[in-house]
Amino acid sequence: RKPGKLVKAALEKAVDKVTELVNPPIPGAPASEPPSLDEPTDPRGPLPPKPDQTGPETVSPTGAPTGAPQVANGQQGDFLTTSAGARLYDTDHSLKAGERGPTLLQDHHLREKVMHFDHERIPERVVHARGYGAHGVFVGYGTAANVCMSAFLGDGVETPVFVRFSTVLGSRGSADTVRDTRGFATKFYTQEGNFDLVGNNIPVFFIQDGIKFPDVIHAGKPHPDREIPQAQSAHDTFWDFVSTHTEATHHVMWNMSDRGIPRSYRTMEGFGVHTFRLVNAEGETALAKFHWKPKLGVHSLVWEEAQMISGIDPDFHRRDLADAIESGAYPQWELGLQVLPDTPRQTFEGIDLLDPTKIVPEELAPVQPVGILTLNRNPLNYFAETEQVAFHLGNLVPGIDVTDDPLLQSRLFSYLDTQLTRLAGPNFNQIPINRPHAPVNDMLRDGFHQHAVHAGVAPYRPNSLDGGNPFEAGVEERPFVEVAQPLPKAVKIRQSPTSFADHYTQPRLFWLSLSPIEKEHVVRAFTFELGKCYEQTIKERELLVLANVDPTLCAEVAKGLGLPVPAPTTRPKKVTPSPVLSQIGQTWPTDGRVIGIVVDPADLDGVRTVREVVLAGGMVPLLIAPTGGPLTADGGLVAQRTFLTARSVEFDALLLAGSPPPGADAAPARDAKAGAPGDTVDPRVILMIQECFRHAKAIGAWGNGRTAIEVAGYAAEPGIVIDDDPSDVLKAVTMLLEAHRVWERFPATIS
Ligand code: HDD
């Protein structure tokens, strides 16, 4: 019943009285109005008209419009509401017994708002917690048809994808550029259901059997007592594990190489790691390994640079990917297959294809391109998409099946199981980012976070009540059919095949395939990481592992650690190096590379020209000046970094602008930034030059810009370009950048 007029008046009076008792007026404070029991009016007064923020209609992951307008740049709708849709007139004050009184339990909005906030975080992934994703499209070439019947590999077939890159060991808030393996997980929303290729940027794994996964991860994660170090393998438990599990040696070699510190997600290779079984339309099978080859080439940071970035810009890799996509420099990878005969032994050239610590050298089985991936859209919401995406190796489509690789087999359990905790229940495939684009007609019902409203009464088969639906697909409807793989006569046993026992030949193959400078990096990485261990026995044990890989590697690391060189315990097998494993020695496109330009206000014409050429070349110019703000009166040139905010690790090459040197025609008076003869060069510019130099980056200067290089003492060094014409300088620097770094600057001492 509504309160009558008299009751209402009495209530208002009571409120007045109570308010006065609870909140005695503060002397000097303006008198406040008691709350009214009439229709609430907006206490903030009339609101300004809302800008039109609605973008195009949202599209569900299945491609169908959801009906909800997508908010391009802000929040949705006109009025703030509760989650039940009631409009709210105030979200800034809790409901209290008077202005200074206690908060009332009755305040549903307060409780709902804080309750929801309290539960905003979900458990981070137990591994690969830190990651970054992007949407894209995969286009098949049709070249795989003779070995694989999957529809998404068909000629010109376009399949939407979502890719999540990650580090393995660090927590969600850790730095991007730590030394670690990178995850490269791709969800293909194919017409035949989702296919998830959950790989890494390293083609082998630490262990051969998934039962050891908890052990290797416990060893790699921070020590359980102090929970340090974060996102690092440079600590005792990691090296304790890998030195006692020599099967890890191959993966460790890759981690200690430049592959462990990629320049960008865009410049990483990806690998499916395991051997998969492919089936063609005739039902014939082949074994295969998946490869992602980046169009921009494979490039890495140098270790000091990676460490600096961890502090200066811990989001370096995610920023790089997001910026590139936002600017239209869409990264691309070609998907390739190494196709291998499906023999009863499942080996190739003596390599056990079920052993995930082994590669098949590309020289023995070339990678055949089967399609191209382009990442072209950043997520709208990190949590909804990148955090909630759930990959699983069991998401297979007709044409691709698993093998009996014991690591792969255990993963088939883990990726389903882990989502139960992380995504709080069994309905995670209903989360928009995980929903297949193919029609779903399962008979999975109920459970936490059930979003579907299933019609019908008979979610079982066979049934006569729901018209017998759904039906099982016949062969012509292209169901997923497991390959009827004959099994060898076997007994139940907890044992690996003897073919898994060779732990040194392929690490040695990797080592011998590297160029001298890459070998030197590997030596330094081992020396650094083992140098961070406290236990002498661990270092000695790992040296013994290295002795079995290669005597030079072992001797160099032992020298750095100041320890004796142990004698190997195995005789090395002869290996043929695989040159494709080296990242050095080729040239690559420079798209998306960042060129730092130290501005000289006396030479803005040169800066303008160079900036335009950099942009036209698909690269990113970063103008650096002593202070921020516009550099030209028309605002056409703006300082993007100052000497305070710029640090060399942000760019791939450095240019120093300068007015023509004294004596040149029409030399204007110079207000030097980078230093003219007689000027003092700002020490922060010198530091930038020194760091770029140490990190083997190309450095160029024109006009008086050369002074800073001269002051730094590098004018005659390799990879330093000094010329009077800014465009010529840029051209020469770009050519150096095509080879990624100027390694000639630091001739390697190892051959
Ligand atoms: Fe794993 C996540 C890659 C072995 C158990 N793994 C995860 C991710 C990648 C890989 C890229 C992140 C997926 C994402 O972005 O959401 N994992 C690999 C590769 C392996 C491998 C290439 C070996 C070849 N993993 C492996 C084993 C097990 C797991 C042997 C367990 C027996 N991996 C998991 C997991 C994770 C995971 C615990 C954590 C979050 C998730 O699955 O969804 O289930």
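Every number in this text was worked out from the coordinates using simple rules, so none of it is lab data. In this text, all values refer to a predicted model and were calculated from it rather than measured experimentally. Methodologically, a virtual Cβ is constructed for each residue, glycine included, from the backbone with ideal geometry; neighbour enumeration extends over all protein chains shown.
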Task: Alpha-carbon spread of the stretch 529-573, three principal axes, descending order, Å - done: 32, 16, 16
Open item on the list: Suppose a student asked you for the relative contact order of the stretch 351-418, using Cα pairs under 8 Å spaced at least 6 residues apart; what percent would you report?
Closed with: 38
Open item on the list: Placing one identical point scatterer on every Cα of the stretch 594-745 and ignoring solvent, what is log10 I(q)/I(0) from the Debye formula at q = 0.09, 0.14, 0.17 Å⁻¹?
Closed with: -0.23, -0.57, -0.88
Open item on the list: Order 279-288, 472-481 from most to least packed using the mean count of other Cβ atoms within 10 Å.
Closed with: 279-288, 472-481
TODO: Would you mind calculating the gained length between GLU304 and MET735 on full extension (0.36 nm times residue separation, minus the Cα-Cα distance), in nm to one decimal?
DONE: 152.8 nm
Open item on the list: Applying a 10 Å radius around every beta-carbon, put 237-247, 525-535, 120-130 in order of their mean neighbour count, most first.
Closed with: 237-247, 525-535, 120-130
- [ ] Only bridges with both residues in the chain count here: give the DSSP antiparallel percent, nearest 5.
- [x] 75
Open item on the list: Taking 0.36 nm per residue of sequence separation and subtracting the Cα-Cα distance, how much length would be gained by fully extending the chain between LYS574 and VAL638, in nm to one decimal?
Closed with: 17.2 nm
Task: 20 Å cut-off, amide nitrogen to a point 7 angstrom out along VAL137 Cα→Cβ, residues in the stretch 361-379 - done: 370-379
Task: Inter-label distance, nm, simple model (7 Å from Cα along the C-beta direction), ALA490/ARG172 - done: 3.9
TODO: Order by neighbour count: ASP446, ASP313, ASP603, fewest other Cβ atoms within 10 Å first, most last.
DONE: ASP446, ASP313, ASP603
Open item on the list: Contact order normalised by length for the chain, with contacts defined as Cα pairs under 8 Å and 6 or more residues apart; what percent is it?
Closed with: 10
TODO: Rounded to the nearest Å, what's the spacing between the alpha carbon centres of the stretch 295-361 and the stretch 125-193? Just the number, please.
DONE: 11
TODO: For THR81 paired with ALA555, estimate the spin-label separation in nm (one decimal), with each label point 7 Å from Cα along the Cα-to-Cβ line.
DONE: 7.6
Task: VAL273 long-range amide H proximity, modeled H, under 5 Å - done: ASN200, PHE290
TODO: Based on the mean of other Cβ atoms within 10 Å per residue, sort peptides 485-492, 411-418, 347-354 so the most packed one is first.
DONE: 347-354, 411-418, 485-492
- [ ] Kindly state, to the nearest 0.05, the FRET efficiency for ALA424 paired with SER499, given R0 = 35 Å and r defined as their beta-carbon distance.
- [x] 0.25
Task: Average projection area in nm² (convex hull over Cα atoms of the stretch 515-598, one quarter of hull surface) - done: 8.8
- [ ] For the chain, report the translational diffusion coefficient in µm²/s to the nearest whole number, using Stokes-Einstein at 37 °C, 0.692 mPa s, and a Kirkwood Rh over Cα pairs.
- [x] 109
Open item on the list: So the label point goes 7 Å from the Cα of ASP724 along Cα→C-beta, right? Which residues of the stretch 688-717 then have their backbone N under 15 Å from it?
Closed with: 702-706
- [ ] Take the Cα of GLU612, step 7 Å along the line toward its Cβ, and report every residue of the stretch 719-751 whose backbone nitrogen sits under 15 Å from that point.
- [x] 726-728
TODO: Can you figure out the FRET efficiency of ASP225 with VAL483, using R₀ = 45 Å and their beta-carbon distance, to the nearest 0.05?
DONE: 0.40
Task: Segment ARG694-ASN280, length gained on full extension (0.36 nm per residue, minus Cα span) - done: 143.9 nm
